[in-house]
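Chemist: This is the structure I want to talk about, given as structure tokens.
The values are calculated or read from the model by the stated rules, or taken from the named source; none is laboratory data. A quick note: this is a predicted structure, and the numbers were derived from the prediction, not measured. Glycine also receives a Cβ, built like all others from the backbone with ideal geometry; neighbour counts cover every protein chain displayed. Remember, those area values only see protein heavy atoms, side chains included, never the ligands or the DNA or RNA. Shrake-Rupley method; radii C 1.70, N 1.55, O 1.52, S 1.80 Å.
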Amino acid sequence: MIHALNRLVKNVESWLRKIFLIRIPGYSETHRHLSFLRSANISYAFSLGFVLAERGFSCGQMSDAKPKLFHGPPTRSVRIYWLLKELEVPADIVPKDLFKAGDLTSPDLIAVNPLGTLPGFKDGDDIVNESGAALMYILGKYGNGKLELKPTDKGYGDYQQWFWFSEATMSQAVVRYLQHIVLLPEEKRVQWIADSTKEGVLKLLGL
């Protein structure tokens, strides 16, 4: 799993460099591993989902005693799926297909996530549908200190900084930039939005 993760991290770095022509400075190998599980974005979560599927993470029988994850690539439920597997936490995995009519409006998913989006994560009486928050919840409850830096560890500040930067500022910027250079129909693209987005990210990174 770690070897596959290393390859994906390298692919992601290459992808970001191609988009913004940048390399994130001061980001050590260790911090890449630790932050990756929180900062993975939809664009490459799909690939990670297939890596996990090949490992055959069993869905098992439904039980209120185990966490339940409503999951389907290419969504951020992949992050929770990977973390549960990495920590060997028994869980009920409920597969959902984004492209199958009715899958995201099924009563079982709506009961956990009224928005009908993925992920949907329930553990006992706790419902945590924000993927980053679900990761923090799982690490805190089941991690036993694994896969996370402690506040007293060297580099803890960088770890938190790049986690939130990638999840908020960078994530939004990447989507907005891609929209205006490739995703939107050509007549709806606005070049100054793409340019200003790229300029802002480079400024924040000190490049």
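Chemist: Mind telling me which of the residues Leu69, Leu87 ends up being at pLDDT 50 or above and under 15 Å from Phe121 (Cα atoms)?
Modeler: Working: Leu87 fails: under 15 Å from Phe121 (Cα atoms).
From the options Leu69, Leu87, the qualifying one is Leu69.
Chemist: Please verify whether Lys154 is open to solvent by 70 Å² or more (accessible area, probe 1.4 Å), not in a helix (DSSP H, G or I) and not polar (S, T, N, Q), treating the condition exactly as stated. Don't jump to the end; show me each part of the working.
Modeler: Values: open to solvent by 70 Å² or more (accessible area, probe 1.4 Å): yes; not in a helix (DSSP H, G or I): yes; not polar (S, T, N, Q): yes.
So Lys154 passes the test.
Chemist: I've got another one for you. Of everything in the range 68-102, what is outside any loop (DSSP other than H, G, I, E, B), open to solvent by 30 Å² or more (accessible area, probe 1.4 Å) and more than 25 Å from Gly145 (Cβ to Cβ)? Give them in sequence order. Working first, answer last.
Modeler: Initially, the range 68-102 is screened for residues outside any loop (DSSP other than H, G, I, E, B), giving 68-71, 77-86, 92-95.
Right, trim to open to solvent by 30 Å² or more (accessible area, probe 1.4 Å) and you get 68, 85-86, 95.
Correct list: Pro95 only.
Chemist: Tell me which residues, restricted to the range 157-197, are open to solvent by less than 50 Å² (accessible area, probe 1.4 Å), touching a helix residue (DSSP H, G or I) at 6+ places or on another chain (Cβ under 6 Å) and either in contact (Cβ under 8 Å) with a residue 40 or more places away in the chain or outside any helix (DSSP H, G or I) (or both).
Modeler: Within the range 157-197, Tyr159, Trp162, Phe163, Ser166, Glu167, Tyr177, Val190 meet the criteria.
Chemist: Same structure again: In the range 131-144, which residue that is open to solvent by 50 Å² or more (accessible area, probe 1.4 Å) and touching a helix residue (DSSP H, G or I) at 6+ places or on another chain (Cβ under 9 Å) is farthest from Ile80 (Cα to Cα)?
Modeler: Tyr142
Chemist: Let me ask something else. Residues in the range 112-130 that are surrounded by fewer than 17 Cβ atoms within 10 Å (Cβ to Cβ) and closer than 21 Å to Pro90 by Cβ: how many? So that I can check it myself, show each step before the final result.
Modeler: To start, the set of residues in the range 112-130 that are surrounded by fewer than 17 Cβ atoms within 10 Å (Cβ to Cβ) comprises 114-117, 124-127, 130.
Now narrow it down to the ones that are closer than 21 Å to Pro90 by Cβ: 124-127.
Qualifying residue count for the region: 4.
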